[in-house]
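Take a look at the structure set out below.
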Amino acid sequence: MENLNLFIRSIFIDNMIFAYFLGMCSYLAVSKNVKTAFGLGIAVTFMLVITLPIDYVLEMYFLRPGALAWISPELASVDLSFLSLILFIAVIASATQLVEMAVEKFSPSLYASLGIFLPLIAVNCAILGCSLFMQQRDFGSVLTATVYGAGSGLGWLLAIVCLAAIRERLSYSNVPKPLRGIGITFIITGLMGIAFMSFLGIKI
Amino acid sequence: MLNKKNRAVLFNPLSKDNPVLVQILGICSSLAVTAKLEPAIVMGISVTAVTAFSNVIISFMRNTIPNSIRIIVQLVVVAALVIIVDQVLKAYNYEVSKQLSVFVGLIITNCILMGRLEAFALANKPWPSFLDGIGNGLGYGIILVIVATIRELLGSGTLLGYHVVPQWLYELGYENNGLMILPPMALITVACIIWAHRSKNKDLQETN
């Protein structure tokens, strides 16, 4: 029940795009049509589901203050949390590489359709941000962390697909010249963010 | 040291080639930390420092990095610098470090860094790369400060925590606009800045 609540919350209320602006760069750059936007969304969700449990285990058994106590009691006072940034980014970069190789081997068609987006995910702030939020929030178990990752990923997917759908229609409308392209996209995202705020207070 | 070419490298990112407004890089953090002016200034300085020094380091190593693993090398250099910034902030300005929370760590994935490393530092000597890093960091910082000033002034009537909207205005019925503090207004503020910027620089306007 708690996990379900977290899942819904991370999709609609703590949405990566509208509440924290994470992954905005690829969100703005790759939202010109629905199909590629959907592919990127799936890839991001997938990476989040893979990296969050790994980062959670790292955090719990290596990085937290006192996390090394399971090796020997003398190490209980060691605090390695300053290493978390570099370890998390290493996990994300290597997971991206692995997933890229696996996808290329087992599903060439998916690989062709994702194309350049797969390697770019390594520097998508939504992935690293999700791991850092996980570190701040002190989740109880690996499952909770995974659920949080899946929810955040789906929220991101939802946001980018909606924006892409709106931008496809936008080409028929008469936008003031200086606002065309990126300017109007910002305004649309802002308005979508206000709309998403109406989900605040949902509780299951 | 500062010949014509280097000066262009330093000053172009401030307006004509601004990383946020024109290159659309580093949007994530520029929106998220701008509810108040102080964290925005600290963030601008941190990003400038990291961009400048990572540019220098990568530029020194540019001839020895194998092309296939350059992304990982870049990430490691950037991550090490960000860890230093993070620790310094925690030691000397804990309050702001708390407010910025994960966004200090997210400097690693700030697209400005990777963008400048890929586009400039890998192909240029250390000194121009340093100037390029400073220029782009400042260009980013300027936008942060403008957005944060607008949002803090209209949203809470303060600047850097000091009340600037006089009391008699409130007595006349002026209210702080709470909407400006909320995340979506950051996007709309940036959109307005882009609007103003592109009305002046007509060659930047897009056709679609």
Mean residue ellipticity (222 nm) of chain B, computed from DSSP H runs ≥ 4 via -39,500 (n - 2.57), nearest 500: -21000 deg cm²/dmol
Interchain or long-range residues, amide H under 5 Å from residue B:20's placed H: B:25
Under 19 Å between alpha carbons - lysine pairs in chain B that sit 8 or more apart or on different chains: 9
Extension gain (nm, one decimal) between residue B:63 and residue B:15, 0.36 nm per residue minus Cα-Cα: 14.2 nm
Cα shape, the protein assembly as shown, gyration tensor, a/c 1.5 rule: rounded
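Between residue A:101 and residue A:174, what is 0.36 nm times their sequence separation minus the Cα-Cα distance? Round to one decimal in nm.
Length difference between fully extended and current span is 21.9 nm.
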Acute angle (nearest 10 degrees) that the helix A:125-137 long axis makes with the longest principal axis of chain A, alpha-carbon atoms: 40 degrees
Centre separation in Å (Cα based) which lies between region B:169-207 and region A:98-152: 33 Å
Distance-filtered residues of region B:105-130 - backbone nitrogen under 15 Å, label point 7 angstrom along residue B:70 Cα→Cβ: B:113-126, B:129
Highest-MSF residue in chain B out of B:101, B:68, B:15 [GNM, Cα springs under 10 Å]: B:68
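Partner chain Cβ atoms within 10 Å, averaged over the residues of B:188-195 - can you pull that number for me?
6
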Cα long-axis angle, helix A:182-196 against chain A (0 to 90 degrees, to the nearest 10): 60 degrees
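Determine, for A:162, B:192, A:130, the number of other Cβ atoms within 10 Å of each Cβ, and report the residues in order from fewest to most.
Values: A:162 19, B:192 16, A:130 32.
The fewest-first ordering by Cβ neighbours comes to B:192, A:162, A:130.
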Average other protein chain Cβ within 10 Å of Cβ, residues A:127-136: 3
Cut-off under 5 Å, modelled amide H: who pairs with residue B:159 long-range: B:164
Degrees separating the helix B:70-92 axis from the principal Cα axis of chain B, which is the longest one: 40 degrees
Paramagnetic reach from residue A:38 (point 7 Å along Cα→Cβ, amide N under 16 Å) across region A:157-173: A:157-169
Label point distance in nm, residue B:80-residue B:118, each placed 7 Å from Cα along Cα→Cβ: 2.3 nm
Note, ³J(HN,Hα) from phi for region A:13-28, Karplus 6.51, -1.76, 1.60, rounded to Hz, x at Gly and Pro: 8, 8, 4, 4, 6, 7, 9, 10, 6, 9, x, 5, 4, 6, 4, 7
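If I stretch the segment between residue A:29 and residue A:80 completely, what's the gain in nm (0.36 nm per residue apart, minus their alpha carbon distance), one decimal? The partial results should precede the final answer.
Values: separation 51, 0.36 × 51 = 18.36 nm, distance 3.64 nm.
Gain on stretching residue A:29 to residue A:80: 14.7 nm.
Can you give me the orientation-averaged projected area of the convex hull built on the Cα atoms of region B:19-200, in nm²?
On the way: hull surface 47.0 nm².
Reported value for the Cα convex hull: 11.7 nm².
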Spin-label model distance (nm) - residue B:93 vs residue A:90, 7 Å beyond Cα toward Cβ: 3.0 nm
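Any read-out appearing in this document is the output of simple, stated calculations on the displayed coordinates, not a laboratory observation. All of these numbers come straight from a predicted model, not from anything done at the bench. Every residue, glycine as well, gets a Cβ built from its backbone with ideal geometry; the counts of neighbours run over all protein chains shown.
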